[in-house]
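To start, the structure under review is shown below, and the notes come after it.
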Amino acid sequence: MKANYNRVASFYDHLSRIVFGKAIIEAQKYLVDFIGAGSAILVVGGGTGWILEEISEKHPSGLKIVYVDKSEKMIDLSKKRNVGTNRVVFLNADIDHVMLHDKFDIVFTPFILDNFSTKTLAPVFDKIHRLLLPGSLWLFADFQLTKKGEWWQRPLLNAMYLFFNIFCNVETARLPDSDSVFRKYGYTPVATYAFFGEFISSTVYRNNSSFQPA
Ligand SMILES: C[S@@+](CC[C@H](N)C(=O)[O-])C[C@H]1O[C@@H](n2cnc3c(N)ncnc32)[C@H](O)[C@@H]1O
């Protein structure tokens, strides 16, 4: 996939704060609460790495984290974060191409699955799923369109896609149907919370089995 966030890395967090206030942060902090002590965590598309500080504030030690981001600049910023004594491996790579042999208790995908179309999400989802242990948690934060707010959510979403299509070469201009992919793989939502007038949703999915679709 073509997306490249290098051009926006230096101001990404400021921009997100201007548009969404603290909602992007709160949505991810909500998910951090589901991380158990001693977990092996895969973070995909973590951006500038502030999430590592949130995670490490809750668990200053004992975690094993693999942090994958395709943007070299995002990885450089992330490496400067305080991670306590947790073990963090930074991989500047496309999740689609990365080769991992470890299995994880937790995968965290904050505002990255919306970079894929429903079609291009399928192999990426499958790849991540195969890296997870049975009973693991998938911590998912992303945008959604709801009936109540669609009149303002859709134009805002379109404007965001236009911006990221131009500056980051994001390949799609609409949200993938991630919910049906989670269902197809047998995941169960165990907790969910909406932020920013329901435009942002954080969901904790449990991986019920080692189910693999044909
Ligand atoms: C919209 S940003 C979200 C950043 C961060 N999670 C946040 O909420 O502030 C998407 C992030 O995913 C990364 N990314 C996009 N496509 C990727 C891919 N195929 N593999 C790994 N990282 C990717 C980008 O470099 C960027 O850092």
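The values are calculated or read from the model by the stated rules, or taken from the named source; none is laboratory data. Just so we're clear, the structure is a prediction, and the values are computed from it rather than from any experiment. Virtual Cβ from ideal backbone geometry, glycine too; neighbours counted across all protein chains shown. Accessible surface is based on the protein model in full, side chains and every heavy atom, while ligands, DNA and RNA are left aside. Shrake-Rupley method; radii C 1.70, N 1.55, O 1.52, S 1.80 Å.
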- Query: If you count the DSSP beta bridges with both ends in the chain, what percent of them are antiparallel, to the nearest 5?
  - Reply: 45
- Item | Residues whose placed amide H lies under 5 Å from that of residue 93, excluding near-sequence neighbours | 69, 70
- Message: Classify segment 54-163 from the C-alpha gyration tensor, please: rounded if a/c falls under 1.5, else prolate or oblate depending on whether a/b exceeds b/c.
- Response: prolate
- Item | Solvent-accessible surface ranking, highest first, for 112, 18 at 1.4 angstrom | 18, 112
- Quote the accessible area belonging to residue 157 in square angstrom, nearest 10, computed with a 1.4 Å probe and with ligands, DNA and RNA left uncounted. 10
- By the C-alpha gyration tensor axes a ≥ b ≥ c (rounded if a/c is under 1.5, else prolate when a/b exceeds b/c, else oblate), the shape of segment 135-176 is oblate
- Item | Hz values of 3J(HN,Hα) by residue in segment 196-207 - Karplus curve (6.51, -1.76, 1.60), Gly and Pro given as x | 6, x, 6, 6, 10, 10, 10, 10, 9, 9, 9, 7
- Query: What accessible area per residue comes out for the chain, rounded to a whole number of Å², with a 1.4 Å probe?
  - Reply: 48
- Item | Ranked order, 80, 103 - accessible area, probe 1.4 Å, largest first | 80, 103
- Going toward the positive end of the dipole of segment 97-214, with +1 on Lys and Arg Cβ and -1 on Asp and Glu Cβ, which of 166, 176, 202 do you reach last? 176
- Note on the structure: Amide H neighbours of residue 169 at under 5 Å, excluding residues fewer than 5 places away on the same chain, with H built from the backbone geometry, are 4
- MRE, 222 nm, helices only [DSSP H, n ≥ 4, -39500 (n - 2.57), over the chain, to nearest 500]: -10500 deg cm²/dmol
- Message: Whole-Hz ³J(HN,Hα) for each residue in segment 147-154, computed from phi via Karplus 6.51 cos²θ - 1.76 cosθ + 1.60 with θ = phi - 60°, x for glycine and proline: what do you get?
- Response: 4, 4, x, 4, 4, 9, 5, 5
- Item | Ranked order, 130, 7 - accessible area, probe 1.4 Å, largest first | 7, 130
- Query: Amide H to amide H under 5 Å from residue 136: which residues, 5+ apart in sequence or cross-chain, H placed 1.01 Å off N in plane?
  - Reply: 207
- Query: Using θ = phi - 60° and the Karplus form 6.51 cos²θ - 1.76 cosθ + 1.60, what ³J(HN,Hα) does each residue of segment 23-30 get, whole Hz, x for Gly and Pro?
  - Reply: 4, 5, 6, 4, 4, 7, 5, 4
- Task: Round to the nearest 10 and report in Å² the accessible area of residue 180, as given by a 1.4 Å probe over the protein chains' heavy atoms.
- Result: 40
- Task: Please work out how much accessible surface residue 99 shows to a 1.4 Å probe, ignoring ligands, DNA and RNA, in Å² rounded to 10.
- Result: 150
- Leaving out ligands, DNA and RNA, what percent of the accessible area of the chain is carbon and sulfur, probe 1.4 Å? 56
- What's the extension gain from residue 148 to residue 171 if we count 0.36 nm per residue and subtract their Cα-Cα distance? 5.5 nm
